[in-house]
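Right, one structure below, let's go through it.
The values are calculated or read from the model by the stated rules, or taken from the named source; none is laboratory data. Note that the structure is a prediction, hence the values are computed from the model and not measured. Here the Cβ positions follow ideal geometry from the backbone for every residue, glycine too, while neighbour counts run over all protein chains shown.
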Amino acid sequence: MKLKSYILQIAMAAAGAAFLGSCEDMLEPDSNYVLYDADHLKTPADTANSLVGIIYKLQAVGDRTHLLGEVRGDLVRLTSAAHADLRQLADFSVDDDNRYNNPRDYYAVINNCNYYIAYADSNAFDNRGNRIFDKEIAQVKAIRAWTYLQLALNYGKVPFYTEPLLTEQDANNVSLDVADRKDLEAICDYLIPDLLPYAEVGWPALHTVGSIFMANCFFPVKMVLGDLYLWKATLSGNRNYYREAARYYYSWILDNRSLGDLEQKSPFIVSSSIDVTWYSNNNNMAAVMSTLGSLYSMAANHYGNETFTIIPMDTASAQGYFSEVRNLYNSPVDEGVVDTSTPVSIMPSTHLQEISRAQSYCYLRLINDEEVSMPIIPDELLYEGDLRLAAVWSSRMFNTTVGGMSGSYEYSYISKLDQRNISVYRQTDVWLRLAEALNNGGLPRYAYAILATGLSEDVLNDSILAYCSREDSSFVNSLDPEGYIAANYFSRNGLDATSTNQINTIGIHSRGCGYAERNPDYAYPMVDSMDVDGNPINGYTGQSRQQWAQQKLTAEQAAVDSMIINEMALETCFEGKRFYDLMRFAKRYHDNEWVAGPVSRRNGEDNQDLGLYSKLMDENNWYMSWNHQIGPR
């Protein structure tokens, strides 16, 4: 079967006979289109405008980037107001007419990228001998790689081509036969070496266009490489690929490149969304809860402030690519009054609330000048356990009267999604994927430190390197050869407010659970040794710490992975990533229960959908198809 005309039409949008579209928000009204001619992509203006055009093409896949990753996961549920296309996503019954099942939009991006790569003057040099367009080409290749990754994650097996389709014959040369489609691992095998030469290339010289800071629209090559290596490692089981993923994630964390407009990227530091210190010699729980209440809004702020890659969407609903995402989640409010006639379509799931409540919040108190860690057990259910859900989601019931009939209306608002753009990457994504890569690369204690304590010199030396073999120590040290983390990051020092080490870092779990590093409920999953009375004893008798650490490595990795997948739920809920995280863990453990179990329990542990569970135990049902031309079968 040969490529059909729908892809040919998209292909011609990148050919000399057609054009790249550009967003009216991002270009001047008289520059709505970039017309290709024989001399196109020969000047900096051409390449810059065309890159903006490719970023515009991403708008067509903006909403589905979020919805395909979130609605098919376990952290949200649909209400009775959800339209049929959303229900098909949630039920894994997507048909060819579903609005979110449109592979041509992805191929529009890919083919425009292919054209750009093929025809940009890659041999043009400046007077210093530097390639003029390397920065733009690096971005285009990163966007193409990310787009192919989305295709493979959503369709399983996809037609794959890297040359621009400019004629009908070009299109006919691309086979749609199932046997010729590439799966995710084959795509990683192609794209990783394609991106490697561009890992250290800086940003293009695009600055603010309209209201959009263009650096926020760029796809860091290091981040995309980290994702490709993480998926390759998952599919192959090769520890070295996990370590390569960790290497690129870590490198992006420390990257301090210029972002343009006199802005500089600084290294990422995990900081607290909700961090409560309660100095008291009495057990005044009401005062503790009052203190917590004043801090709930902080978590929502981190989402926007930490986001470093977006798909910029249009500003008004009358324009072509205005995102529907925030209106699917958030109740409409007009001048402070809730519109009770329009119910939301997507709500946090019971399963997410169960994960959140299952956590243990730990705070420190001073009792007789001694720090004592204590749990918080509030009366209000939403404030149980981890506080991040309460920080970003508010909900209440209204009594209503419509046409003389009384009823009720459930108001729901998720602050993360009160924005026009689609978030692709944020800082905590990098840390969590780094933890996943390190854990499965043989360093579970390193991964645990990212979750529980944050990284500092003491943590690296006492909790990580002390358990490492010589080979592992060499790898750990190679991640940060200049010792930036050790020199600049400091773990919290209890309640000591006079510490001069103010560049504090914490574990990600502490953002919602207080002092995770002091919480016995969040301890590392293997204690060194216990006597018959449960007291710790020297576990290293006759062996080194390094030998001891290897004894139960596989079990430790599995336990830390369970902590990581829960942390991903708590930290990145409602961000459009959940289903892909579940997929990755299922493939790693060769156990579809990782997908089928959580998704079928959206409505709670005691309300499992057995029909959905059975469907999702077959991996083929995780993917969409379209007209028998894309998909696993």
Q.
I'd like the residue in segment 450-475 that is in contact with a strand residue (DSSP E or B) (Cβ under 7 Å, 6 or more places away or on another chain) and either small (Gly, Ala, Ser) or part of a helix (DSSP H, G or I) (or both) and, out of all such residues, is farthest from Thr234 (Cα to Cα).
A. Asp458
Q. Going through segment 171-222 one residue at a time, which ones are among the polar types (S, T, N, Q) and either over 18 Å from Ile143 (Cα atoms) or exposed (fewer than 15 other Cβ atoms within 10 Å of the Cβ) (or both)?
A. Asn172, Asn173, Ser175, Thr208, Ser211
Q) Got a sec? Which of Glu556, Glu517, Glu457, Glu471 is at pLDDT 85 or above and surrounded by fewer than 14 Cβ atoms within 10 Å (Cβ to Cβ)? A) Glu471
**Q.** When residues of segment 95-114 are limited to those that are touching a helix residue (DSSP H, G or I) at 6+ places or on another chain (Cβ under 9 Å) and acidic (Asp, Glu), the one farthest from Asn154 (Cα to Cα)
**A.** Asp97
Q: Output the residue which, of all residues in segment 489-507 that are β-branched (Val, Ile, Thr) and over 15 Å from Tyr363 (Cα atoms), is modelled with the highest pLDDT.
A: Thr505
**Q.** Only listed residue being in a helix (DSSP H, G or I), closer than 20 Å to Ser251 by Cβ and at pLDDT below 90, chosen from Ala486, Ala447
**A.** Ala486
Q | Neighbours by Cβ (under 7 Å, 6+ apart or cross-chain): first from segment 320-332, more than 22 Å from Lys57 (Cα to Cα); second assigned to a helix (DSSP H, G or I) | A | Tyr329/Leu417; Asn330/Leu417
**Q.** Enumeration of residues in segment 238-282 that are assigned to a loop (DSSP other than H, G, I, E, B), at pLDDT below 90 and surrounded by 14 or more Cβ atoms within 10 Å (Cβ to Cβ)
**A.** Ile269, Val270, Ser271, Ser272, Ser273, Ile274, Asp275, Val276, Thr277, Trp278
Q: Return yes when Ala233 is under 18 Å from the mean Cα position of the chain (by Cα) and within 28 Å of Met624 (Cα to Cα) and no when it is not.
A: yes
**Q.** Residue list for segment 395-444, restricted to those being acidic (Asp, Glu) and modelled with pLDDT of 90 or more
**A.** Asp429, Glu436
